1. Any residue in the range A:62-72 that is in contact with a Lys or Arg (Cβ under 8 Å, 6 or more places away or on another chain) and within 13 Å of DNA strand C (Cβ to nearest atom)?
2. Residues in the range B:2-14: is at least one of a type outside the set (Ser, Thr, Tyr), more than 15 Å from DNA strand C (Cβ to nearest atom), out of contact with any helix residue (DSSP H, G or I) (no Cβ under 7 Å at 6 or more places or on another chain) and more than 14 Å from chain A (Cβ to nearest Cβ)?
3. When residues of the range B:44-79 are filtered for being within 11 Å of DNA strand D (Cβ to nearest atom) and more than 10 Å from every other protein chain (Cβ to nearest Cβ), how many remain?
2 protein chains.
Amino acid sequence: MALGISDLGKILKRQRITVSLTLQELAATSRVSPSHLGRIERGERFPSAHVLRRIAKPLGFDEDELFTLAGFLSPQTPSIAEKSQAGYSGHRLDPYVAKLLAEEPVEVQRAVIGILTMLKSISRGTAVTKDSSPT
Amino acid sequence: MALGISDLGKILKRQRITVSLTLQELAATSRVSPSHLGRIERGERFPSAHVLRRIAKPLGFDEDELFTLAGFLSPQTPSIAEKSQAGYSGHRLDPYVAKLLAEEPVEVQRAVIGILTMLKSISRGTAVTKDSSPT
DNA sequence: ATTGACTTTTGCCATTTGGCGAATTAAAAT
DNA sequence: ATTTTAATTCGCCAAATGGCAAAAGTCAAT
């Protein structure tokens, strides 16, 4: 990881200072003890996700921004379903398909995959590549 | 939060089963000990963010999806709100399904929907072995 | 200097996470 | 059935988190 624990501490402290909060004040609004916050800032402790979440807004951070900073979340996570519309060029899930399928219960979704897998293995065996697909 | 720890465990276990991994296999690819994974699944331990992050991809989850599920991230993310919020009771696209389907060309994806629609209309209208049950 | 009110740091401790190895349970194979 | 093998759970332990209360350290006005 590119980001050491003490770096995170420095970032947090700098941010706390620029929003001009004391450890106690931040502790009060975030419900994390001031001593613990202090140790986090000087790199003696590593904040858990819960703590990170609590101090995010009081410091003016986005939750996932802080998570990324802490190395919990990787820089930008491409979500497979909707989020990836613009991203993935070759392999992406058609939004219309995603929408329709999402309305089915999960068991049905999985069953669909099961059927698809069967069909694929069948067509692998019999080699029927007919490309006469109507639009 | 609406989601208890044992729910998360159940979710993780179900997902592990559907991708057909054993605890040891998941442990191997995620570098989390099988015993710990087992305890997490049956709700005896709560996974830290690090662990959550490690097991996300092997299970076919999105990182932030799992984080949201675990209550670390709030489901505030604009466009995908329903994905995690309406969440585990119905109207959401299973990430594993999405992943597999996304690897197929769009025509295949559409064809799958076509088949699904056919099956639904069949089961609605006639077909399915009806033994003398008047409605 | 000294008192006073704050802010930060430190000691100590309860609780939890997570790993390792052994034991138990489940599954296969002979 | 029994032996073999793989999978899950249990016991124990090291390490880390996080809180509380007391001990510094700061800075102002006396």
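1. yes
2. Looking through the range B:2-14, at least one residue is of a type outside the set (Ser, Thr, Tyr), more than 15 Å from DNA strand C (Cβ to nearest atom), out of contact with any helix residue (DSSP H, G or I) (no Cβ under 7 Å at 6 or more places or on another chain) and more than 14 Å from chain A (Cβ to nearest Cβ).
3. The total comes to 2.
Rundown of residues vs (1) surrounded by 12 or more Cβ atoms within 10 Å (Cβ to Cβ); (2) assigned by TED's automatic domain parsing to the domain that holds residue A:101; (3) assigned to a helix (DSSP H, G or I); (4) at pLDDT below 90, yes/no style:
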{"site": "A:13", "(1), (2), (3), (4)": "yes, no, yes, no"}
{"site": "A:25", "(1), (2), (3), (4)": "yes, no, yes, no"}
{"site": "A:29", "(1), (2), (3), (4)": "yes, no, yes, no"}
{"site": "A:44", "(1), (2), (3), (4)": "yes, no, no, no"}
{"site": "A:53", "(1), (2), (3), (4)": "yes, no, yes, no"}
{"site": "A:61", "(1), (2), (3), (4)": "yes, no, no, yes"}
{"site": "A:64", "(1), (2), (3), (4)": "yes, no, yes, yes"}
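The values are calculated or read from the model by the stated rules, or taken from the named source; none is laboratory data. Keep in mind that what you see is a predicted model, and the values were worked out from it rather than measured. All Cβ positions, even for glycine, are placed from backbone atoms using ideal geometry, and neighbour counts span all protein chains on display.
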